[in-house]
Amino acid sequence: MNQYRDPSGLIAILRGLTPQDAVQVGEVLCEAGFEALEVPLNSPDPLESIGLLRKALPDDVRVGAGTVLTTPQVRAVHKAGAQLVVSPNTDPRVIEETVALGLDSCPGVATVSEAFTAVQAGSRTLKVFPANQVGEEAMGAWRTVLPEDVELIPVGGVHAASLHSWVQKGATGFGIGSALYRPEVDVEHMRRTAQGLVAAWKQAAEHLRPLPA
């Protein structure tokens, strides 16, 4: 019998999040339907925010760290409670350390060569970044040669209206940043944006390709 795993879905990129706002922002996004949150390490006190989110949110909501560039940072975010490690680049050392600690690795890739380098280092979830420069057609071409169990997660310039077309090219999730969250964003505006993205994702997800476990 074939076994399949759930896709990554929507990942909220919370660049600039402070510990003071972390729990409220996290709870609003979870109520809207987001199941993964990423705190980039160039945010204020990111490790504290990661820890607060992990303690406050349900176990089935993944909390991750973004802009992770070094192996010491991987160890630090693991200690803080992160389950997902996201990078803007492809560094096999970071990927290998992430996998060794039992965390999900999501390195940034902009070419098919970087994608294969990341896969060979142990990643099974690739951040297509910047997605608006890589483009849907190029990512679709990658999909034809990458292993079937590898996820492609476009990040950068993605919005609710474009989710469906990306899914048709093989995407199984999306990272949503400034279109969803900025430090000065009104909480109710963020809630409405999140609800719209989740609704668009649910429609697009009806056309997802099966993702082997």
(message) What are the equivalent ellipsoid semi-axes of the chain, built from the alpha-carbon gyration tensor (square roots of five times its eigenvalues), in whole angstrom, biggest first?
(response) 24, 21, 15
(request) Equivalent ellipsoid semi-axes for the range 42-144, as square roots of 5 times the alpha carbon gyration tensor eigenvalues: give them largest first, rounded to whole Å. (result) 25, 14, 12
(message) If you only keep lysine pairs separated by 8 or more in sequence, or across chains, how many in the chain come under 25 Å at the Cα atoms?
(response) 5
(request) List the longest stretch of the chain that has no exposed loop site; here a site is one of the GluC sites (Glu not before Pro) assigned by DSSP to anything other than H, G, I, E or B, with at most 14 other Cβ within 10 Å. (result) 1-147
(request) Using a/c under 1.5 as the rounded threshold, could you call the range 3-102 rounded, prolate or oblate? The axes a ≥ b ≥ c are square roots of the C-alpha gyration tensor eigenvalues, and prolate needs a/b larger than b/c, oblate otherwise. (result) oblate
(message) How high is the relative contact order of the chain? Use alpha-carbon pairs under 8 Å, at least six apart in sequence, and give a whole percent.
(response) 23
(request) Could you go through the range 59-68 in sequence order and give the Karplus-derived ³J(HN,Hα) for each residue, using 6.51 cos²θ - 1.76 cosθ + 1.60 with θ = phi - 60°, rounded to whole Hz, and x for Gly and Pro? (result) 4, 7, 9, 7, 10, x, 10, x, 6, 8
(request) Step through the residues of the range 116-125 one at a time and calculate ³J(HN,Hα) from phi using the Karplus curve (6.51 cos²θ - 1.76 cosθ + 1.60, θ = phi - 60°), rounding each to whole Hz and writing x for Gly and Pro. (result) 5, 4, 5, 5, 5, 7, x, 7, 10, 9
(request) Report relative contact order for the range 118-168 in percent, whole number only (criteria: Cα-Cα under 8 Å, sequence separation at least 6). (result) 48
(message) If you restrict to DSSP beta bridges whose two residues both lie in the chain, what percentage is antiparallel, to the nearest 5?
(response) 5
(request) Please give the contour-minus-distance gain from ARG75 to ASN132: 0.36 nm per residue of separation, less the Cα-Cα distance, rounded to one decimal in nm. (result) 17.4 nm
(message) Testing the spin-label approximation: label points 7 Å from Cα along Cα→Cβ at ARG192 and GLN20. State their distance in nm.
(response) 2.6
(request) Quick one: what are the phi-derived ³J(HN,Hα) couplings along the range 36-48, Karplus 6.51/-1.76/1.60 with θ = phi - 60°, whole Hz, x for glycine and proline? (result) 8, 10, 10, 9, x, 6, 8, 8, x, 6, x, 5, 5
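Computed from the coordinates by the stated procedures, all read-outs in this text should not be read as laboratory data. All figures in this text were calculated on a predicted structure; none of them were measured in a lab. Note: ideal-geometry Cβ built from the backbone for every residue, glycine included; neighbour counts use all protein chains shown.
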